[in-house]
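Below is one structure; the comments refer to it alone.
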Amino acid sequence: MNQKKVNVRRLTITAMLAAVSSVLMFFSFNVPLMPSFIKMDFSELPALFASITLGPVSGVVVCLVKNLVNLFFSTTGGVGELSNFLLGAFFVLPAGFLCRKDKSYKNAIIGSLIGAAIMALFSVASNYFVIYPVYYNFLPEEAVLGMYQAINPGIHSVLDALWIFNMPFTFIKGLCSAVIAILLYKPLLPVLKTNY
């Protein structure tokens, strides 16, 4: 009976965090010195909280739900949502696994920072081998490269652009969510915590 209560509580909190995450994704915005199709948002923050407090599966579920919801409003034919889901999952998983047995403040910090670094590195591979090749069906590779070259004419290939632009941007994006999560971790832990 007690386990059933924990499961219902975990499911309810996961659903609430997914709803918040979905709303936050609507408030994405362009950033200077990045092509217009790359957006900044804080929708990974609730997923990170879910992963740390409820477990890695809950974190990934929040990432999945927010992208499924935003699929109905997609301007990228689902490509942006696929990318967001993959990167978000790689961001929240390390913190979820580290905090699985010990939800200490230290583990939350280390897991969040490791997640930001992994997400940044993974963004190069996922964009180069999966996301951008799909984009090329809608926008030729030369046009994508041209958007980067308009910012930095010294860029000679899409791979260069991913290392120079996307990886640092993705790391900073993850770092912003990690810092906010770390600041709010202690006050929110009693509210979100369940035994899993």
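What the table below lists for this structure:
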read-out	value
Cα-Cα over 22 Å, subset of K101/K173; K39/K66; K101/K186	K101/K173
Label-point separation, W163 to A19 (7 Å along Cα→Cβ), nm	4.6
C-alpha long axis of helix 167-192 to longest principal axis of the chain, angle in °	10
Accessible carbon and sulfur surface of the chain relative to its total accessible area, %, 1.4 Å	72
Loop sites in segment 68-97: chymotrypsin sites (Phe, Trp or Tyr not before Pro), DSSP, at most 14 other Cβ within 10 Å	F72, F73
From the C-alpha gyration tensor of segment 43-157, square roots of 5λ in Å	31, 17, 9
P(r) tail fraction, segment 118-158 - alpha-carbon pairs more than 11 Å apart, %	66
Length-normalised contact order for the chain - Cα pairs under 8 Å, 6+ apart - percent	24
Max mean-square fluctuation residue, GNM over the chain, Cα-Cα springs under 10 Å, options G59, G154, G174	G154
Förster radius 22 Å - calculated FRET efficiency between L64 and K39 (Cβ-Cβ, nearest 0.05)	0.70
Where labels lie 7 Å past Cα in the beta-carbon direction, separation of I151 and K101 in nm	4.2
Probe 1.4 Å, protein heavy atoms only - accessible area per residue of the chain in square angstrom	51
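The values are calculated or read from the model by the stated rules, or taken from the named source; none is laboratory data. Quick caveat: nothing in here was measured; it's all calculated off a predicted structure. Positions of Cβ are generated from backbone atoms using ideal geometry, with glycine treated the same way; all protein chains shown enter the neighbour counts. Just so you know, the surface numbers come from the protein's heavy atoms only, side chains and all, with ligands and any DNA or RNA stripped out. Shrake-Rupley method; radii C 1.70, N 1.55, O 1.52, S 1.80 Å.
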